[in-house]
Amino acid sequence: PVKAVVFDLDGVLTETSKAHFEAWKMLASELGFEVPDELEDKVRGISRLDSLEIVLTYGNLNEVYTDEEKVDLANHKNDLYLDLIKGYTPENLSLGAVSLLTELREKGIKIALASASKNAPFLLEAMGITAYFDVVVDPASIENGKPEPDIFLKASELLGITPGYCIGVEDAYAGIESIKAAGMTPMGIGSKTVLSNCDTVFSGLESFHNFLLDHSIIK
Ligand code: BG6
Ligand code: MG
C-alpha cells in the first residue's frame, strides 16, 4: 500500500524546465557563448551551482571564474529566471495537477515536495497549491543534491513514513536515481528517452493519475 507521494516540482507539477533553460541560455549569451538544446535535460534536477558548472563547460569557462564570481553568476541567472516566472498563476500548473492532488488528499495519501529549487515555495504559492502539501523539504537543509538520495530521504523522515510506502515522481534522470537510492518506488513524467532509468514513465500527470486508479494503488 502507498501512504505518500513525493513530488518533484520543476517539470512535474509545472513546466518550468523551459524557463530554467531560457535563463541559462540568456546568461551564456551575456558571457559570449551559446548553449545547445540538450542543456535543458542536462540541468533537470541539478542544483543551481552544479548547473552553472555544466553551463560553463560549453564556454570553456569553468576555470576562469572564482567561486565568488560563480555565486554572482548563479544569482544573476536566478534573477533572469525569476523574471520569467514572476507572472505565474494556477494556469501554469501541469494538466491534471489539481485533480491529482485533491484525490490524493481525499484518499488520505500524504503529499510531499522534494524539489532542489529554492524558488519552490514561491511557485507553490503563486500557483495556489501550498495547502496540499504535508511536507515541503527545504533544499538548503540537504547535504547532497540529486542523484544522491538525501532529499527524498528527508521527505520520508519529515512525513514519518518509511520510503517503502512512498512513490517518488520525477522528470529528471538524476531525480529517478535519487528516488531509487532512497528506496522509494520511482514514477517518471516526461520522456522515456530521458528517463531511461525508470520502468514506469507517463506523458503527464493525467495518465499517472489513471495508472494509480487502474492499479488500485490509491483506493
Ligand atoms: C530543479 C531544476 O528543480 O531545481 C533545476 O530542475 C534547477 O533545473 C534546480 O537548477 C535549482 O533551482 P533554483 O530555482 O534553486 O535555481
Ligand atoms: Mg524536475
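What's the total number of residues in region 33-74 that are loosely packed, with under 12 Cβ neighbours inside 10 Å and within 11 Å of ligand 1 (Cβ to nearest atom)?
Summing the residues that are loosely packed, with under 12 Cβ neighbours inside 10 Å and within 11 Å of ligand 1 (Cβ to nearest atom) in region 33-74 gives 0.
For region 146-180, give me each residue that is small (Gly, Ala, Ser) and assigned to a loop (DSSP other than H, G, I, E, B).
Residues satisfying the conditions are Gly160, Ala172.
Taking region 1-16, which residues are away from ligand 1 (no atom under 13 Å from the Cβ), hydrophobic (A, V, I, L, M, F, W, C) and outside any strand (DSSP E or B)?
The one that is away from ligand 1 (no atom under 13 Å from the Cβ), hydrophobic (A, V, I, L, M, F, W, C) and outside any strand (DSSP E or B): Val2.
Mind listing just one residue for me: the one in region 132-167 that is of a type in the set (Phe, Trp, Tyr) and touching a residue at least 60 places away in the same chain (Cβ under 8 Å) and, of those, surrounded by the fewest Cβ atoms within 10 Å (Cβ to Cβ)?
Residue satisfying both the conditions and the ranking: Tyr165.
Among the residues of region 84-108, how many are in a helix (DSSP H, G or I) and surrounded by 13 or more Cβ atoms within 10 Å (Cβ to Cβ)?
Filtering region 84-108 down to residues in a helix (DSSP H, G or I) leaves 84-85, 90-92, 97-106.
Right, trim to surrounded by 13 or more Cβ atoms within 10 Å (Cβ to Cβ) and you get 84-85, 92, 97-98, 100-101, 103-105.
Looking only at that region, the number is 10.
How about region 181-211: which of its residues are part of a loop (DSSP other than H, G, I, E, B) and under 14 Å from Pro149 (Cα atoms)?
Gly183, Met184
Quick check on my filter: what residues within region 33-50 are under 17 Å from Pro139 (Cα atoms) and either in a loop (DSSP other than H, G, I, E, B) or within 16 Å of ligand 2 (Cβ to nearest atom) (or both)?
Within region 33-50, Val43, Arg44, Gly45, Ile46, Ser47, Arg48, Asp50 qualify.
Does region 17-32 contain at least one residue that is crowded, with 21+ Cβ neighbours inside 10 Å, in contact with a strand residue (DSSP E or B) (Cβ under 9 Å, 6 or more places away or on another chain), part of a loop (DSSP other than H, G, I, E, B) and not β-branched (Val, Ile, Thr)?
Within region 17-32, none of the residues are crowded, with 21+ Cβ neighbours inside 10 Å, in contact with a strand residue (DSSP E or B) (Cβ under 9 Å, 6 or more places away or on another chain), part of a loop (DSSP other than H, G, I, E, B) and not β-branched (Val, Ile, Thr).
The numbers here are math on the coordinates, done by the rules we state, and not lab data. In this text, all values refer to a predicted model and were calculated from it rather than measured experimentally. Every residue, glycine among them, receives a Cβ derived from its backbone with ideal geometry; neighbour counts consider all protein chains shown.
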